[in-house]
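The values are calculated or read from the model by the stated rules, or taken from the named source; none is laboratory data. Computed from a predicted model, the values in this text were never measured in an experiment. Positions of Cβ are backbone-derived with ideal geometry, glycine not excepted, and every protein chain shown enters the neighbour counts.
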């Protein structure tokens, strides 16, 4: 696979898969906090970095979801614009890498707070298709911070769950 193809993000995104990935993030984050699995924070952070750079291609969770779980559900895909989902994954990078840095600095309590915030946002996506990062993307588009040509299909993002 050429590098130019490796570092792409799907557009559109199947929201069924996105919600399953979010459920995986919730599961791992809650497990890390509840079971004191500090090493799992590195796995969570890697997953977000991999997904923001390559979509599901280099993400073990993304691969599990897109190759096994989503097909097993046998549900029709719900396609939504990719750029807001990638932006949301970027916010996940910020929270998960912050948690990882805090773990490495010996600040487990603060890392748990960052993971808790990440788990909360991921839960909203998984359970209710409420993507907070996507809503932030829409606000930034409306404010003109993100140009319209980044996502032409996002002009009325408030009407979608993307």
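Considering region 44-96 alone, what residues qualify as being in a loop (DSSP other than H, G, I, E, B) and surrounded by fewer than 19 Cβ atoms within 10 Å (Cβ to Cβ)?
Taking region 44-96 and keeping what is in a loop (DSSP other than H, G, I, E, B), we get 55-59, 74-78, 81.
If the condition is that a residue be in a loop (DSSP other than H, G, I, E, B) and surrounded by fewer than 19 Cβ atoms within 10 Å (Cβ to Cβ), then 57, 58, 74, 75, 76, 77, 78 are the ones that fit.
For region 102-143: of the residues being touching a helix residue (DSSP H, G or I) at 6+ places or on another chain (Cβ under 8 Å) and assigned to a loop (DSSP other than H, G, I, E, B), which is surrounded by the fewest Cβ atoms within 10 Å (Cβ to Cβ)?
Applying the filter and picking the extreme gives 130.
Of the conditions (1) at pLDDT 95 or above; (2) closer than 21 Å to residue 9 by Cα; (3) part of a helix (DSSP H, G or I), residue 153 fails just one. Which one is it?
Going through (1) at pLDDT 95 or above; (2) closer than 21 Å to residue 9 by Cα; (3) part of a helix (DSSP H, G or I) one by one, residue 153 breaks only (1).
Which residue pairs have Cβ atoms closer than 6 Å, lie 6 or more positions apart in sequence or on different chains, and pair a first residue in region 101-130 that is farther than 19 Å from residue 34 by Cα with a second residue that is surrounded by fewer than 22 Cβ atoms within 10 Å (Cβ to Cβ) and at pLDDT below 95?
Taking only residues 6 or more apart or on different chains, the pairs are 129/161.
Residue check, residue 83 against (1) under 15 Å from the mean Cα position of the chain (by Cα); (2) in contact (Cβ under 8 Å) with a residue 40 or more places away in the chain; (3) closer than 19 Å to residue 124 by Cβ, all met but one. Which one?
(3)
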